[in-house]
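The values are calculated or read from the model by the stated rules, or taken from the named source; none is laboratory data. Quick caveat: nothing in here was measured; it's all calculated off a predicted structure. All Cβ positions, glycine included, derive from the backbone under ideal geometry; neighbour counts span all protein chains shown. Protein only, heavy atoms only, side chains kept; ligands, DNA and RNA dropped before computing areas. Shrake-Rupley method; radii C 1.70, N 1.55, O 1.52, S 1.80 Å.
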Amino acid sequence: DGLSVPGTNTWGGSTMIDDEGKYHMLVAQFVNGGVHNWYMTSVIAHAISNHPTGPYKLTGTALLGSGQPASFDGTVTHNPHLARLSTGLYLLYYIGMNCDLHPGPLCEHEQAI
């Protein structure tokens, strides 16, 4: 089952169960693009399911690029990974890129976490 979003591509989902037993997935979604230009189109999307294997329903965008001209994640967010501390706090690790600072195909070589 997993996650299927017609008309778009996804990559690298990270799932976690919440205290109510729902499964949440954060996944890189290529908006208006595909794998060939992920470094310009990736955002982190959120999906939810009642089962760990799905089916997952996309609920929306969880994290866009920050839009900040000098920020490491100015234009793109990618490869989400969820973690939960013993305190209950959720952490999101992800790759960010700023293709405004590094235009063109070489942008994908300027990834930062």
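What to note about this one:
- Label-point separation, D18 to Y93 (7 Å along Cα→Cβ), nm: 2.4
- Over segment 14-113, accessible surface divided per residue gives 56 Å², non-protein components excluded, 1.4 Å probe.
- Largest first and in whole Å, the equivalent-ellipsoid semi-axes of the chain read 26, 17, 9, each the square root of five times a Cα gyration tensor eigenvalue.
- Relative contact order %, segment 1-48, counting alpha carbon pairs below 8 Å whose residues are six or more apart: 34
- Given charges at Cβ of Lys, Arg, Asp, Glu: the chain dipole, positive-most of L82, P6, I44: P6
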